Amino acid sequence: MQYKYKILYLLEKYQVLIIKGETGSGKSTQIGQYLAEAGWVKNDEGQTLTIGITQPRRVAAVTLAKRVSEEMNCELGNEVGYSIRFDDLYQDGKTLIKYMTEGILIREMMSDPLLKKYSVIMVDEVHERTLYTDIVLGLLKKILRKRPEFRVIISSATIELDLFTKYFTQDGISVDYLFVFGRTYPVEVFYAQEPVADYIKASIDIVIKIHETLPGGDILVFLTGQEEVERAVKTLLDYAKEIKERTDLKRMYVLPMYSTLPSYDQLKVFEHFSKSVRKVVIATNIAEASVTINGIVYVVDCGFVKLRFYNTKTCTDSLVVVPISKASAEQRAGRAGRTQPGKVFRLFTEHSYQNLKSFMVPEMQRSSMVPVILQLKALGINNIVKFSLISKPPEYNLITGLEILYALEALDHNANLTSPLGLQMAEFPLDAMFAKMLLNSEKMECSEEALTIVSMLQVQNIFQQPSSGQRSIQARNAKHKFSVEEGDLITYLNVYNGFIKADKVRSWSDRNYLNYKGLLRAVEVRSRLKSILKKCEIKMISAEGDVDKIRKCIVSGFFPNAAFLHPSGVYKTVRGNHELSIHPTSVLYTRPRPPKWLVFVEVLHTTQEFMRDLTAIDSKWLYQLAPHFYDYGTDREIAERNLLN
């Protein structure tokens, strides 16, 4: 990389350096090494300092750390390490280059507000503009004012240069920028002649066509979510079995890649295979940036991504499938030209591409403000409105976030974090409602079960559902064995307990059509969360089969997400009266008598707005456990009570 000395010179002179580095320029792997060689890992007193490099995704942090440790010829965890949610491998005082997710850096700021252990922080892939990217930039801006010797590098292949430059210079921080050209190979782009009706089927067809007609080279397919990825993987595995005996075709090895896949399964996509095998990786946008899968020559881009949007009517995050941005399309295309000339097959027309937005709406402007407020308050930033964010969140989102945290008793009347509850909730790398449920569990005498349920909810698609045939019926029957009328969360508890009882063997999972990798991930998450509960001095108590104790504990955390069965036959949220439906995968979907009252964990927006992960409840519990949030009685009784008060 011929830009080494220019980067080092600009970093000596300016506090913030913005690097627009093309895909393949080595910005994610080389810059940390240059800084370590140039002495940014020691202070004037000779103490060891660390160069921190943040990534929006866990898999990128791990793979980059692994690659850089190989390049520096050192063992991973010594000079080069990583830290991600529920997993880390580094040594304080010894690790010089540390890759981490942005959320981990924010947690470190709770114990070290000025990041005195770090000399430089590089915020990589800022084009993704995640919630934590924007919080990190705001916090780093504060540190730069207090520590003139501290440096920040901001990098991406696609970046809104003027926006970032103005953000720092308006506070008198010195900024410069640099364009770095990559070592990418030419990439040929092909567009669909007309809009595609079913992009999953079209993706599978193109993969088969590439395999049968185009020369060697691995294939990377972008789809929107875990369900789509698994559906495509299953179909292509069936195809791979069919062609095994054919001598005119290479063998095909199909691998999934999505965020909730256990780490060791995510890392399988980076393995090398013999030349007689073509690797096909079916991924979500997790593989879009900072992840170099060697051997990828062909990219199939469905043109969509699944994003969270905050619904102000339901006060919940909805998962919505939306068209990607031009920046994302370019990032995806860049995956094809890393090692040799590549081809990109876009399942949308050229006209559609021209109409795409340049960048996605930042997550800060489409998300719940609950985690933002909780994290900033824990860092001692009380005036959230005046906190400098690169993109201001909508006012209503901010107000709702404060209301929910107040209802969860994380904030007091003065909007300060409560002690110990609010401070403890900020300790968890989880949504505030999960944290409240866990912290209430000892009082509710069901901490063992609450911990299991929360761990299971960190994993998607525990139940496997073959699309048709005899196996589809068997899978439904297997799910029915675990299902209970109390809802999905108690069903997950039964599944986990069954898995542990069966000694965590794969054959038991396969026999019951369960996601074995997901269950192992739940075990891993449970162990990590248990250590946080121990730190918070929460005793582990079992409900001994008393399901009502567990359901009340769920309500104590998720009471803002309550819905009731309206006389018209549809569900409506208790607050806001917003219409929702039960998701077809819920165990409550097929009940002859649907529950009158329930709480849900999330909303999925597709053809309708579906509630997922449901628990049937007693309406009295809402008033008993959250009297500050709900009134109980008829409209007339409530009005009379309000007059008396």
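The values are calculated or read from the model by the stated rules, or taken from the named source; none is laboratory data. Remember, it's a predicted structure, so these values are computed and weren't measured experimentally. Cβ coordinates were reconstructed from backbone atoms using ideal geometry, including for glycine residues, and neighbour counts include every protein chain displayed. Keep in mind that these areas ignore ligands, DNA and RNA; they rest on the heavy atoms of the full protein, side chains included. Shrake-Rupley method; radii C 1.70, N 1.55, O 1.52, S 1.80 Å.
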Completion exercise
Considering segment 445-458, residues that are among the acidic types (Asp, Glu) and assigned to a helix (DSSP H, G or I), and then whichever is most open to solvent (accessible area, probe 1.4 Å), we arrive at Glu448
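Yes/no matrix, rows are residues, columns are (1) basic (Lys, Arg); (2) over 29 Å from Gly334 (Cβ atoms); (3) at pLDDT below 85:
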| position | (1), (2), (3) |
| --- | --- |
| Ile106 | no, no, no |
| Met109 | no, yes, no |
| Val123 | no, no, no |
| Leu140 | no, no, no |
| Thr165 | no, no, no |
| Gly172 | no, yes, no |
| Arg183 | yes, no, yes |
| Ala197 | no, no, no |
Exercise for the section: Say whether the condition of being outside any strand (DSSP E or B), within 20 Å of Leu10 (Cα to Cα) and under 29 Å from the mean Cα position of the chain (by Cα) is met by at least one residue in segment 173-185. Expected result: yes
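Table: residues versus (1) farther than 30 Å from Glu427 by Cβ; (2) open to solvent by 40 Å² or more (accessible area, probe 1.4 Å); (3) touching a residue at least 60 places away in the same chain (Cβ under 8 Å); (4) assigned to a loop (DSSP other than H, G, I, E, B).
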{"position": "Met540", "(1), (2), (3), (4)": "no, yes, yes, yes"}
{"position": "Pro560", "(1), (2), (3), (4)": "no, no, yes, no"}
{"position": "Pro567", "(1), (2), (3), (4)": "yes, yes, no, yes"}
{"position": "Ser586", "(1), (2), (3), (4)": "yes, no, yes, yes"}
{"position": "Glu602", "(1), (2), (3), (4)": "no, no, yes, no"}
Practice task
Would you check if there is a residue in segment 155-169 being under 26 Å from Glu288 (Cβ atoms) and in a strand (DSSP E or B)?
Solution key: yes
Handout entry: Pair list, Cβ under 8 Å, 6 or more apart: segment 193-220 residue farther than 15 Å from Arg278 by Cβ, other residue in a helix (DSSP H, G or I) and not charged (D, E, K, R)
Key = Pro195/Ser352; Val196/Ala202; Ile200/Ala232; Ser203/Ala232
Exercise for the section: Please work out which residue is nearest to the chain's Cα centre (by Cα), limiting yourself to segment 37-51 and to residues that are closer than 20 Å to Leu178 by Cα and crowded, with 17+ Cβ neighbours inside 10 Å. Expected result: Ile51
Practice task
Please work out which residue is least open to solvent (accessible area, probe 1.4 Å), limiting yourself to segment 431-444 and to residues that are touching a residue at least 40 places away in the same chain (Cβ under 8 Å) and assigned to a loop (DSSP other than H, G, I, E, B).
Solution key: Ser441
Exercise for the section: State all residues of segment 419-430 that are under 19 Å from His628 (Cβ atoms) and crowded, with 17+ Cβ neighbours inside 10 Å; if no residue qualifies, say none. Expected result: Leu421, Gly422, Met425
Practice task
Can you tell me which residue within segment 155-192, out of those that are small (Gly, Ala, Ser) and closer than 13 Å to Ile18 by Cα, is most open to solvent (accessible area, probe 1.4 Å)?
Solution key: Ser174
Practice task
Mind counting the residues in segment 570-583 that are within 28 Å of Gln465 (Cα to Cα) and without any contact (Cβ under 8 Å) to a residue 24 or more places away in the chain?
Solution key: 1
Completion exercise
Those residues of segment 338-388 that are farther than 30 Å from Val196 by Cβ, of a type in the set (A, V, I, L, M, F, W, C) and open to solvent by less than 50 Å² (accessible area, probe 1.4 Å) come to a total of 12
Problem - Failed condition for Tyr14, given (1) over 26 Å from Ile173 (Cα atoms); (2) surrounded by fewer than 19 Cβ atoms within 10 Å (Cβ to Cβ); (3) touching an Asp or Glu at 6+ places or on another chain (Cβ under 7 Å) - result: (1)
Handout entry: Where Ile490 falls short, out of the listed (1) within 30 Å of Ile106 (Cα to Cα); (2) not in a loop (DSSP other than H, G, I, E, B); (3) not aromatic (Phe, Trp, Tyr)
Key = (1)
Problem - Residues (touching a residue at least 24 places away in the same chain (Cβ under 8 Å) and small (Gly, Ala, Ser)) located in segment 445-492 - result: Ser447, Ala450, Ser455, Ser467, Ala475, Ala478, Ser483, Gly487
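Provide a single number: the residues in segment 1-46 that are in a strand (DSSP E or B) and of a type in the set (A, V, I, L, M).
Count: 4.
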Fill in the blank from the handout: Listed by range, strands (runs of 3 or more DSSP E) wholly within segment 50-125 having at least 2 residues that are touching a strand residue (DSSP E or B) at 6+ places or on another chain (Cβ under 6 Å) are 50-55, 80-84, 97-101, 118-124
